1. Round to the nearest 0.05 the FRET efficiency obtained for Thr182 and Thr15 when R0 = 35 Å and r is the Cβ-Cβ distance.
2. When the Karplus curve 6.51 cos²θ - 1.76 cosθ + 1.60 is applied with θ = phi - 60°, which whole-Hz ³J(HN,Hα) does each residue of region 58-65 get, with x for Gly and Pro?
3. Say each of Ile65 and Ala26 gets a label point 7 Å from the Cα, pointing the same way as Cα to Cβ; how far apart are those two points in nm?
Amino acid sequence: MSNQAKSPLSALTDTAGQGLKIVILALVLIFLFLIPNLVCIGFGVAALFQVTITRWVIVFFVLLILAAAGACAAAFFFTYEYFLIDTIRVIYAYLVPVFRSLCATIAKRITEGNTGIIKKGYDWSENITDSFQNAYNRKVPRLIRTAIRFILEQFPFADIMYHVSIDTKTQDTEALGNSIYTQFDAYLHTRFFNENSMKWILWFLPINIGIQILLIWLMH
């Protein structure tokens with residue numbers, strides 16, 4: 001889990017790492033999906049000159065093209081989703097103080113007995129980005145604002161109100177804020193960051209190629 005913010009000096013390394021990751025993911029899409037599907041379409045075109053053209057041959061050829069386009073589109077979506085969450089993970093590491101401050105503010109509201117607005121986590125996104133903007137005296141980039149909104153929308157604030165309300169009896173705002181942040185951090189890692197991977201290739205690629213081979217076979 002993230003216990004403290006990363007040093008600003010590591011921003012350049014992380015930015016370069018994300019840039020390199022884009023290149024790698026693009027190559028993955030090209031070599032594992034785009035090229036193989038184009039080759040399969042090529043075999044399908046060749047088959048049209050080797051068999052008697054019938055209605056079913058045309059149907060299977062159209063399905064071949066649609067399957068190739070669908071597989072490439074799905075692969076792009078899965079890869080984009082992976083990269084988006086991974087980028088949010090990187091950004092989140094630099095926003096730890098911001099989210100700790102947010103959780104401290106929530107804890108203060110709870111101890112004061114004002115929990116109504118807290119149940120809608122996304123309502124805090126504009127407030128937190130404005131605070132971040134004022135602190136650094138510069139406009140918050142759209143990517144960071146999007147990441148903050150995404151993170152706040154995912155956390156089930158309403159679900160933890162019952163559990164943390166027990167701690168309010170002690171009126172220890174700081175401890176309560178730390179408790180909320182610990183749950184906040186753990187939820188994001190468990191729900192998104194820890195499960196984010198490219199393992200889907202292991203099952204999606206064989207299915208993609210298998211369907212293409214079957215359709216080419218059916219054309220003959």
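Any read-out appearing in this document is the output of simple, stated calculations on the displayed coordinates, not a laboratory observation. Since we're looking at a predicted model, the values are computed, not measured. Backbone-built Cβ (ideal geometry, glycine too); neighbour counts: all protein chains shown.
1. 0.80
2. Once θ is set to phi - 60°, the couplings for region 58-65 become 5, 4, 5, 5, 4, 4, 4, 5 Hz.
3. If labels sit at Ile65 and Ala26, their model points lie 2.8 nm apart.
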